[in-house]
């Protein structure tokens, strides 16, 4: 707990220092609170954990960033080329995929925080890696293994079943995914609504209230908030047990029902919110861990996210597994991004 408080205090000093340096004056709502309303995107090529190729460095030069982003652009252009109509059929038993690049929107730029180009969303621990305990690694591995099961609908990933968005798109903490990275924020004097584009996951933050009893475990957890000067602070507990594994193509972590997430939203410019978070879960991690990334103003309207209207494909998925069982065929591996 002391470590978590230290992480949050460090974030507070950083956010206040940056606002003071820029001279930015946070706009206010009609009821006097700092105004975060609008549509924001967290799409970025920066991953949750830091890749080994960065040698432990959190910040890279503009020249290095240009090279990385150029490779991303080249890959996107190659993927957007028309498919060869005479191509061979997919290999038997392999996952044939379900989307082409047209539908993807993971972002093409690395995250920039305090004018620094970041190699990871994680800033603490300093090595940019999740600090799993031995027990935590066991829990994470077991959850990942269950994702390969097709015994029934209840063991399929939540995103596949359209219960909540993939990964941790709705949070907390909010992390970017392969597409639909918008968040619409609406404020009243009693509530703040954080609506994620993916699955229309609306997290309703009760302002200046106590948490509900621990026996109530809603999707996305139980969030309460308060204002600290120009910062919105949101504390979330009582997570749903089925939401323990947050897994997308690039970001995945495990959180127990005992996890507590503290988020901080600080507007640092007209078009930027600095989003910071600390995860405290002693059942899974050897210490609290913290991250930060920008939420950039988008100005777009958030359209309906239908998610297959209940996902009609699920009976086919399970029927295919039963057919594979009867014929002794191995399943195609589940895409880790689902």
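The values are calculated or read from the model by the stated rules, or taken from the named source; none is laboratory data. The model shown is predicted, which means the values in this text are computed figures rather than measured ones. Cβ placement follows ideal geometry from the backbone for every residue including glycine, while neighbour counts extend to all protein chains displayed.
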Name the one entry in 330, 280, 229 that is closer than 22 Å to residue 173 by Cβ, loosely packed, with under 15 Cβ neighbours inside 10 Å and either in contact with a helix residue (DSSP H, G or I) (Cβ under 7 Å, 6 or more places away or on another chain) or in contact (Cβ under 8 Å) with a residue 40 or more places away in the chain (or both). 229
Mind checking which residues of the stretch 172-183 are closer than 18 Å to residue 278 by Cβ and touching a strand residue (DSSP E or B) at 6+ places or on another chain (Cβ under 6 Å)? 172, 173
Can you find, within the stretch 246-261, the residue that is nearest to residue 171 (Cα to Cα) among those that are at pLDDT 95 or above and under 16 Å from the mean Cα position of the chain (by Cα)? 261
Unmet criterion (only one of (1) at pLDDT 95 or above; (2) surrounded by fewer than 20 Cβ atoms within 10 Å (Cβ to Cβ); (3) closer than 30 Å to residue 139 by Cβ) for residue 313: (1)
When you scan the stretch 116-124, do you find a residue that is over 30 Å from residue 74 (Cβ atoms), part of a strand (DSSP E or B), modelled with pLDDT of 95 or more and over 16 Å from the mean Cα position of the chain (by Cα), even just one? yes
Members of the stretch 62-84 found to be more than 19 Å from residue 113 (Cβ to Cβ) and surrounded by fewer than 10 Cβ atoms within 10 Å (Cβ to Cβ), listed by number: 78, 81, 82, 83, 84
Would you pick out the residues in the stretch 188-205 that are over 19 Å from residue 275 (Cα atoms) and modelled with pLDDT of 95 or more? 188, 189, 190
Residue 25 is checked against (1) modelled with pLDDT of 95 or more; (2) more than 25 Å from residue 170 (Cα to Cα); (3) within 25 Å of the chain's Cα centre (by Cα) and fails just one. What number does that condition carry? (3)
Can you tell me which of (1) modelled with pLDDT under 95; (2) buried (at least 18 other Cβ atoms within 10 Å of the Cβ); (3) out of contact with any helix residue (DSSP H, G or I) (no Cβ under 9 Å at 6 or more places or on another chain) is the one residue 89 doesn't meet? (2)
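Return the only residue of 185, 121 being surrounded by 15 or more Cβ atoms within 10 Å (Cβ to Cβ) and under 24 Å from residue 49 (Cβ atoms).
Of 185, 121, the one residue that is surrounded by 15 or more Cβ atoms within 10 Å (Cβ to Cβ) and under 24 Å from residue 49 (Cβ atoms) is 121.
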Tally of residues being modelled with pLDDT of 90 or more, within 19 Å of the chain's Cα centre (by Cα) and farther than 26 Å from residue 275 by Cβ across the stretch 134-171: 1
Among the residues of the stretch 302-324, are any touching a residue at least 40 places away in the same chain (Cβ under 8 Å) and touching a strand residue (DSSP E or B) at 6+ places or on another chain (Cβ under 8 Å)? yes
Only listed residue being over 23 Å from the mean Cα position of the chain (by Cα) and either under 25 Å from residue 170 (Cα atoms) or not in a strand (DSSP E or B) (or both), chosen from 50, 109, 87: 87
Report whether or not residue 264 is part of a strand (DSSP E or B), modelled with pLDDT under 95 and either in contact with a helix residue (DSSP H, G or I) (Cβ under 6 Å, 6 or more places away or on another chain) or within 26 Å of residue 151 (Cβ to Cβ) (or both). no
Only one of 282, 294 is under 25 Å from residue 47 (Cβ atoms), modelled with pLDDT of 90 or more and not in a loop (DSSP other than H, G, I, E, B). Can you tell me which? 294
